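Everything below concerns the one structure shown next.
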Amino acid sequence: MNLQPPLIRRIRGAGFADYTIFPQIAAQVKEVVASELLRDKIDALVCAIENGEDLQVDSLAKPSGFWRDYLESLKSQTWNDISFFELEFLFYHSINSLTGFFDVGFDGFETVRQRALTDAIQDFNEELNTINWSSPEELIKHLVQRSTFGNTADYSQLDVTGMAKNNESLLLVDQSDDLVKRLTNSPINRVEFIADNAGRELCWDLAFIDGMLRTGVQRIIIHVKPWPMFVSDALTSDVKNTIQMMNEQTSDSATCLMGERLTQYINSGKLDIQAADEWGEPRHFSQLDTDLVIRLNNADVVIAKGDLNYRRFIEDRMWPEETSVIQAAQNVPFSAFALRVLKSEAVAGIPTEVHQHLNLCEPDWRCNGQYAIIQKIGE
């Protein structure tokens, strides 16, 4: 009998579920809305979550069939009854519904993501010149690392300024060589790239995408969120704005030339931006619609970025750290490479000696943004 561990839940005062702080996130939105009544409603939302009150779902938007059915299933439940994975999604969906995103397109986190891009572009410009272009293998290896560690800054966390930058984090699992070989040693017709954050991370994701296309990959689909989520998660507009800002850098700089190539890739269809509703819904990778599963399963390579996507792989369960990824992600109907900086409690495939040492010496290692994983999921 194959018993699964419990879903991660919110426990007041303990663990990651209190590490992501809803009042501070709500305060960011209140700063950009004009209505006092709306600010009061946002305060009431946070209070309801903190007190475990009944879920009020009738007034929430239903932008997809999934959301319609899911919200209907939540009636008579409280905020304490649902898993933390669902709670986070429902928090951001409530914010979007209250502020009118689905009615008038108001994006309460747009200024945060724009600031993240503005803050990132100069450092990105400088760091891009340090990349080793000596061979396709060396180029892709460097870009895999940069794309992974670009995820250290996450604006849904309490403190992004104190988190590590670049390779100061430590890779607890490193299967990057397998990814590099897969991308460079055989013809690759299509890569499906599931993005995470805007700003610094998206800059390096696009650099990685540019590198793959320059070294022989024929086509890449970059998947982004269909609506604002988790403060800094990338939307279609963020991809376009990032490429535009690259284009605006000093003429003939490496960044400007990259922006020009990315623009050409989009115009020619070699790079496509897609924002399926599923990415904005509280679904694990075992619960995606059939059409999307077929797409991902038929891709030559799937690359999934960031903490949220990793949680989707292992269903945000409290697996013992050394549990094999094959077991933890047994219900995922496609294989992929996960590139992730740890900022939540869901992990699998961590060597025993590694997690025992960290549990003893650094109890918050799962959530503090100092450690990373480059890990193959599935066969």
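Within the range 1-60, being at pLDDT 90 or above, assigned by TED's automatic domain parsing to the domain that holds residue 88, within 23 Å of the chain's Cα centre (by Cα) and not hydrophobic (A, V, I, L, M, F, W, C) holds for one residue alone: 28.
Rundown of residues vs (1) assigned by TED's automatic domain parsing to the domain that holds residue 352; (2) farther than 15 Å from residue 302 by Cβ; (3) at pLDDT below 95, yes/no style:
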site	(1), (2), (3)
169	yes, yes, yes
179	yes, no, no
182	yes, no, no
190	yes, no, no
196	yes, no, no
210	yes, yes, no
218	yes, yes, no
223	yes, no, no
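All conditions but one from (1) at pLDDT 95 or above; (2) surrounded by 20 or more Cβ atoms within 10 Å (Cβ to Cβ) apply to residue 294; the one that does not is (2).
Cβ separations smaller than 7 Å between residues 6+ apart or across chains give the following pairs from the range 288-314 residues that are within 24 Å of residue 187 (Cα to Cα) to residues that are modelled with pLDDT under 95: 305/151. On the basis of being buried (at least 17 other Cβ atoms within 10 Å of the Cβ), touching a helix residue (DSSP H, G or I) at 6+ places or on another chain (Cβ under 6 Å) and either within 24 Å of residue 279 (Cβ to Cβ) or in the same structural domain as residue 199 (by TED's automatic domain parsing) (or both), does residue 84 make the cut? Considered against the rule, which asks whether it is buried (at least 17 other Cβ atoms within 10 Å of the Cβ), touching a helix residue (DSSP H, G or I) at 6+ places or on another chain (Cβ under 6 Å) and either within 24 Å of residue 279 (Cβ to Cβ) or in the same structural domain as residue 199 (by TED's automatic domain parsing) (or both), residue 84 comes out as yes.
Contact map, the range 337-351: residues that are at positive phi paired with residues that are acidic (Asp, Glu) and surrounded by fewer than 24 Cβ atoms within 10 Å (Cβ to Cβ), Cβ distance under 8 Å, separation 6+ or inter-chain. Pairs shown: 349/322.
Pairs under 7 Å by beta carbon, first residue in a helix (DSSP H, G or I) in the range 188-217, partner of a type in the set (Ser, Thr, Tyr), six or more apart or different chains? Taking only residues 6 or more apart or on different chains, the pairs are 202/242; 203/242; 204/147; 205/147; 206/242; 208/147; 213/265. Could you tell me whether any residue of the range 269-277 is in a helix (DSSP H, G or I), without any contact (Cβ under 8 Å) to a residue 60 or more places away in the chain and assigned by TED's automatic domain parsing to the domain that holds residue 212? Within the range 269-277, none of the residues are in a helix (DSSP H, G or I), without any contact (Cβ under 8 Å) to a residue 60 or more places away in the chain and assigned by TED's automatic domain parsing to the domain that holds residue 212.
Looking only at the range 218-256, count how many residues are of a type outside the set (Gly, Ala, Ser), in a loop (DSSP other than H, G, I, E, B) and within 24 Å of residue 279 (Cβ to Cβ). So the count comes out to 8.
The values are calculated or read from the model by the stated rules, or taken from the named source; none is laboratory data. Not measured: the values here are computed from a predicted model. Neighbour counts run over all protein chains shown; Cβ positions are idealised from the backbone, glycine included.
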